Amino acid sequence: DSQVGLFLLISRDPILATKLSYVLVFILAGINMYFLMCYFKIDRKYALISALIYMFNGHITSKIIPWGWLTTFGGYSIIPLIFLFGTKAIKEKEWIKYSIITGLIFALQFRLGPDMKVTIWTGLIFGIYLLFHLIGKNLQKRTLKIASIAIIVGLLLFGLSAQRALFNKERLEMSSRDVTSWES
């Protein structure tokens, strides 16, 4: 279910598996941002600088690394991929294919972050990004396309994440946390 488990299977050393997971996620974050910047036709050296800044920004180096929030960093590392394929869905002719890929990546992000804060924020920003693309000529055609993209992404995200979300909802309802009395 996670990259730590994969590295643990390979190395049999939990500390090494955790360190390799951080390195992998750092590299993935940089590569994904580099590809996003290259898609926007940014010069390659500036795309590299952008990738390095994304990898080593203040939030990552001050909050996530010292505290060991690998689950948050795993979801953070694929945010550029969501926006890369989301942008392709908006701008390219094969928008259905790119909408499906975006939905798959969103579901992967949901799986990588059990705390779901990265997925919630990415979903919010992605929704605003889609709304931003409604501005322009031919509003009816744009609205239909943006709504279709949002529906495809949302259905894939829910469909591929339902097993985890519904299981946790059912487990929560069976626990003592389902109903907390105000007297306690």
field: Selection count, the range 137-170, where residues are open to solvent by less than 50 Å² (accessible area, probe 1.4 Å), farther than 19 Å from Leu108 by Cβ and not hydroxyl-bearing (Ser, Thr, Tyr)
entry: 2
- prompt: Looking at the range 103-111, is at least one residue over 26 Å from Ile27 (Cα atoms), open to solvent by less than 80 Å² (accessible area, probe 1.4 Å) and modelled with pLDDT of 90 or more?
  reply: no
- prompt: Is it the case that some residue within the range 4-26 is modelled with pLDDT of 95 or more, hydroxyl-bearing (Ser, Thr, Tyr) and assigned to a helix (DSSP H, G or I)?
  reply: no
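The values are calculated or read from the model by the stated rules, or taken from the named source; none is laboratory data. Nothing here was measured: the structure is a model prediction, and the numbers come from that model. Using ideal geometry, Cβ is built from the backbone for each residue, glycine included, and neighbour counts are taken over all protein chains shown. Ligands, DNA and RNA are stripped out before the accessible areas are found, and what is left, the full protein with its side chains, is counted by its heavy atoms. Shrake-Rupley method; radii C 1.70, N 1.55, O 1.52, S 1.80 Å.
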